[in-house]
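Notes follow the structure.
The values are calculated or read from the model by the stated rules, or taken from the named source; none is laboratory data. Predicted model only: the values in this text are computed from it and were never measured. Positions of Cβ are backbone-derived with ideal geometry, glycine not excepted, and every protein chain shown enters the neighbour counts.
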């Protein structure tokens, strides 16, 4: 990793998303829900913008490939327990989200150390799960500001979607890792063709 890769516009935006996090929590705990929501929306917009900038400016870097999902996980893995502590999200959803993420980190680290597996690209179900989590947090926070029926229904719907996609994506992740391990074992066992 080169230090100047951190200074690219997309990676700076990703780091800015991490900087937003403590201020979102401070406003939430203080009951300033509108400010917390505004910062959360800005963090979400920066998530979409950093990927767009990386492609447009041709500034895709290896550190960015790791930083971006880490920033997303840090944001969501903090928002769920904080909102549960404040009694805005039932604990069962937070426990599911945390259990899945911890299992993925442990399995990924183990396979990297033991077998050198580095291919941990998110699946379509993993992306759907992340979208459901972001939407759930957004609508839960919006409900704190704008207490109307449709927002409450949206919050409940996306929390249930998070619960469902957490289970489905975890099962699919195990299946994908098994496939990638078999492919890696097959490629190592296949001798190279002589030139």
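Here's the yes/no breakdown for (1) modelled with pLDDT of 95 or more; (2) in a helix (DSSP H, G or I); (3) not assigned by TED's automatic domain parsing to the domain that holds residue 139:
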position: 11; (1), (2), (3): no, yes, yes
position: 21; (1), (2), (3): no, yes, yes
position: 47; (1), (2), (3): no, yes, yes
position: 54; (1), (2), (3): no, yes, yes
position: 58; (1), (2), (3): no, no, yes
position: 63; (1), (2), (3): no, yes, yes
position: 67; (1), (2), (3): no, yes, yes
position: 111; (1), (2), (3): no, yes, no
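Residue under question is residue 183, and the condition is that it be assigned to a helix (DSSP H, G or I) and modelled with pLDDT under 65; does it hold? Against the criterion (assigned to a helix (DSSP H, G or I) and modelled with pLDDT under 65), residue 183 qualifies.
Of all residues being under 18 Å from the mean Cα position of the chain (by Cα) and either free of Cβ contacts under 8 Å to residues at least 24 places away in the same chain or surrounded by fewer than 18 Cβ atoms within 10 Å (Cβ to Cβ) (or both) in the range 129-152, which is nearest to residue 37 (Cα to Cα)? Just the residue, please. In this case the residue turns out to be 139. Right, residue 155: assigned to a helix (DSSP H, G or I), at pLDDT 65 or above, surrounded by fewer than 18 Cβ atoms within 10 Å (Cβ to Cβ) and out of contact with any strand residue (DSSP E or B) (no Cβ under 7 Å at 6 or more places or on another chain) or not? Here the answer is no, as residue 155 does not meet what is asked. Regarding residue 134, is this residue assigned to a helix (DSSP H, G or I), at negative phi and at pLDDT 85 or above? So residue 134 fits the description; yes.
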